[in-house]
Structures are given as structure tokens and as C-alpha cells.
1. Within segment 284-322, which residues are open to solvent by 60 Å² or more (accessible area, probe 1.4 Å) and part of a strand (DSSP E or B)?
2. Select the helices (runs of 4 or more DSSP H) contained entirely in segment 1-78, then report the ones holding at least 1 residues which are closer than 29 Å to PHE110 by Cα, in contact (Cβ under 8 Å) with a residue 24 or more places away in the chain and out of contact with any Asp or Glu (no Cβ under 6 Å at 6 or more places or on another chain).
3. Kindly provide the set of residues from segment 250-264 that are surrounded by fewer than 18 Cβ atoms within 10 Å (Cβ to Cβ), assigned to a loop (DSSP other than H, G, I, E, B) and not hydroxyl-bearing (Ser, Thr, Tyr), ordered by number.
4. For ALA167, work out the one condition from (1) among the small types (Gly, Ala, Ser); (2) at pLDDT 95 or above; (3) in contact with a strand residue (DSSP E or B) (Cβ under 9 Å, 6 or more places away or on another chain) it doesn't fulfil.
5. In segment 163-212, which residue that is part of a loop (DSSP other than H, G, I, E, B) and of a type in the set (Asp, Glu) is surrounded by the most Cβ atoms within 10 Å (Cβ to Cβ)?
6. Every residue in segment 227-244 that is open to solvent by less than 30 Å² (accessible area, probe 1.4 Å) and either under 15 Å from ALA15 (Cα atoms) or in a loop (DSSP other than H, G, I, E, B) (or both), please.
7. What pairs can you find where one residue is in segment 343-365 and farther than 27 Å from THR197 by Cα, the other is assigned to a loop (DSSP other than H, G, I, E, B) and among the aromatic types (Phe, Trp, Tyr), and their Cβ atoms are less than 6 Å apart, with a gap of 6+ or different chains?
8. Suppose the filter is β-branched (Val, Ile, Thr) and in a loop (DSSP other than H, G, I, E, B); does THR326 pass it?
Amino acid sequence: MSDPRSTVLHHRHAALGASFTDFGGWLMPVRYTSDLAEHHAVRTAAGLFDISHMAEFEVTGSVAGDCLDAALAGSLSTMTVGKAKYSLVLAEDGGIIDDVIVYRLDDDRFLIIANAGNREPVWAALQERAEGWDVEVRDVTDAYALLAVQGPAALAVLEATPGLSTADVALADTRYYAWTAGEFAGEPLLLARTGYTGEDGFELMIPAAAAEALWDAVLAAGEPFGLVPAGLAARDTLRLEAGMPLYGHELSLDVAPAQAGLDRVVGADKGVFVGREGLTKRASASAPVLVGLVSEGRRAGRAGYAVLGPDGERVGEVTSGALSPTLGHPIAMAYVAPEHAAPGTELALDVRGTRIPATVTPLPFYRRKK
């Protein structure tokens, strides 16, 4: 197995005292100071994340939208320039290869951002599905860096960042799941009002050579607002509280979109797309479905822990769990048999041999105040 890759910002993280881990084949910062401090900073002020490990692909051509309609689960050809859309790359049998965000950059140009660990399978799927279409598919991952500024102060931080400007749409006027073009120190910048924390915020894509300067500028501009650098540990508890799935936990080749509550992502009213027939064959009223679970005390269920029914029988499995820093009690996402999935259902978690009562609750666990 090859050593994990480092992002262009690795030396910045090391200088800040970050602890690192291998994530999706990349050496990424887990934390800089404290998981809890970084989590709370994002909920109350702002956090700065390096997400340059994510994979980026461009699809260009006059029929690029139609091609992506056939290649992905959602309807992309109807999306207007300046918008973004959450979508899925499905296998022929309806399983999930990856969840992605698609940005329409121009009438004939789309950007797809995929998970780091799925760069190769998504690249292979896009290349194969583009055959026969008059489009060009390019892997542009190594050309760019991605930063995320998340939290209630994110907009103010970016507006205060010297050298950063937008072209046609002001940051404050950029809607959720939309993007605006900008510049930083003369380099092109894409600023999208998207994120993976449940808070307001932006994700910034910039040529890799300018990433260190942008990181430094945002970090300095954000200090008066309480912004801190934040690592993967905080990102994970933030997205869990927000009920956002993580590939390899809530999503996989063994999971169909409907099981994960993602039916809305599938463009059922459009034409043929990869995975459509597979979804029909996989449809089953008995398939496990994703639910939220809350419990009392301090002991949280973790991925792989059994979910137990009223008679102690195994009725499901935890996919992600933690003691919620914001809510102060354990939360988890789990796949359970549909007859046990109704909100309010009393179940239990097998936490290392101890039966911990848990109640099914609607997702998300946390929703920010508008």
C-alpha cells in the first residue's frame, strides 16, 4: 500500500500543531487543539477546513448536461448556471458508488466534486458513461485546492479577507447551493455556499499554487471573529449532528438511495440513467432504512454496534455515532428494519455488552437558527 498523499497545505497544518491521520488516501489534520473547541467554534463563530483531498472533475461540451443526466441519478441538464446540486453516482444494480455535488459553471461546463476515497471509481464511471457523447471529461483534482469556511461568522470573515473579491454576485447575495466567481490575489476563485457542517458557510476552490496565501489570509481575517482551523474530528461530529451521510458509513455499494432517505435525489421523471433498472429490482419493503437514534448518559454507539429490538434481538446496526458536543447527549445514525424505524420507537444499543436505551428520532439532530 502506498503512503498517503499530502495536500498543498500540509506544512501549514504541521506548523499549527495538527495531528494527522490517513483519510481516503490523504494525510489529513484530525485536530489542531481540541475536537470540542473546534466543533464549538464552528457552531458559534467559524472554522477553517482544508478539504483539498476531495476529487474534482470537469465535464464540458454542448451536450454535457444531457450526458450527466444519463450518468448520474439527478436531473442536471435543467440546472441553471450559478447553481449547485447534490447527486449520486449509482452502480448498474442501484448501489451508491459515491455522493457528489455538481456545479453548473457554464451552459456547456460542469464541475463534479467527489469524495477523496472514491476518486478512481468515480473517474472510471464518468469516463465510461461519457463514451458516445460529444463531451470531454477531465480529472482536475491536482490543479486545485479546496478550503471550507463554516459557521455563523463565515460570511463576515470572507468579506473581511484582504485580496478576496467577487465578480457579478456579492457573497451576501449568493444563495445556498449556489456559487459565485471571484478572485484572490489575482487568481480565479470559485466560492460556493455549500458545506458539510449544518452551518452557513462557503467552500472555496482556487488554483493549488495560491492555496497557502488564501489559507493565511482567511486565518488572519477570521481571528477577530473567533475563527479557528478545524480538523476531521470536528467535521465528523458536525456533519453527524446535521444528519449528513458519510460514504463508507451511511452510503455504500450495498445501499440504495431510498434506504438512506435520498429518494428525492433520484430523477425518477427523467429518461434512462445508469442504475435505474437496478433500483427497480432492489426495491424491497423489508430493506433496512436509515434512522437517527438518541440516548441518555455519556456512552455513545459507534459504527458497527448492534441495534437491539424490544426482546433483545438484533434489528439493525449503527453506522455513525458520538456524544454530541452541541446537544450534550449521545446520537447515532443506524440502519434498522423498517418496522422499527418510526420516530419514537424505543430500541437499544449494544455498547460493548451493555444495553443502552435509545429512541428513534427524525434527522437531522441539529438544525441551525436562520
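1. ARG314, GLU317, listed by residue number.
2. Helices (runs of 4 or more DSSP H) meeting the threshold: 64-71.
3. LEU253, ASP254, GLY261
4. (2)
5. Residue satisfying both the conditions and the ranking: GLU199.
6. PRO229, ALA230, GLY231, ALA242, GLY243
7. These pairs meet every condition: ASP350/TYR305.
8. yes
The values are calculated or read from the model by the stated rules, or taken from the named source; none is laboratory data. Since this is a predicted model, take the numbers as computed values, not measurements. Note: ideal-geometry Cβ built from the backbone for every residue, glycine included; neighbour counts use all protein chains shown. Heavy atoms of the whole protein, side chains included, go into the accessibility calculation; ligands, DNA and RNA do not. Shrake-Rupley method; radii C 1.70, N 1.55, O 1.52, S 1.80 Å.
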